[in-house]
Amino acid sequence: MLKAKRKQEKKRRRPRHLKLAFDLQAAGSATMARFLITLGIVSLMAGLLWPYLSRIGLGRLPGDVVIERESMTFYFPLMTCLLLSAVLSLVYWVLNR
């Protein structure tokens, strides 16, 4: 009877490589969750600060593309994106030094 019970336990146990895969998947999920929370906080802060940032001209820099037609307006903030990318890259570089 004891041997039969041990055989059942062996069948129920996950193989070692599967256990490791599940552990890595859990770690990846935690990392992804942390990234999404941080991204949400950054988006919230940008949304709250947008009225103040637009007062200083961010969002209407020279180099931003604006096409106005009778029934539509297309706006692509190219220079604003480049400036924000450079600033965020600099901040990221300083924090990781």
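Only helices (runs of 4 or more DSSP H) whose full extent lies in the chain are considered here, and the ones with at least 1 residues that are at pLDDT below 80 and aliphatic (A, V, I, L, M) are 2-12, 16-55. Among residues of the stretch 73-97 that are among the hydrophobic types (A, V, I, L, M, F, W, C), those with a Cβ under 9 angstrom from a residue that is open to solvent by 70 Å² or more (accessible area, probe 1.4 Å), sequence gap 6+ or separate chain, pair up as Phe74/Glu68; Met79/Pro62.
The values are calculated or read from the model by the stated rules, or taken from the named source; none is laboratory data. Note that the coordinates shown come from a computational prediction; the quantities given were computed from them, not determined experimentally. Because the Cβ atoms are built from the backbone with ideal geometry, glycine has one as well, and the counts that use them run over all protein chains shown. Only protein heavy atoms, including side chains, enter the accessible area calculation; ligands, DNA and RNA are left aside. Shrake-Rupley method; radii C 1.70, N 1.55, O 1.52, S 1.80 Å.
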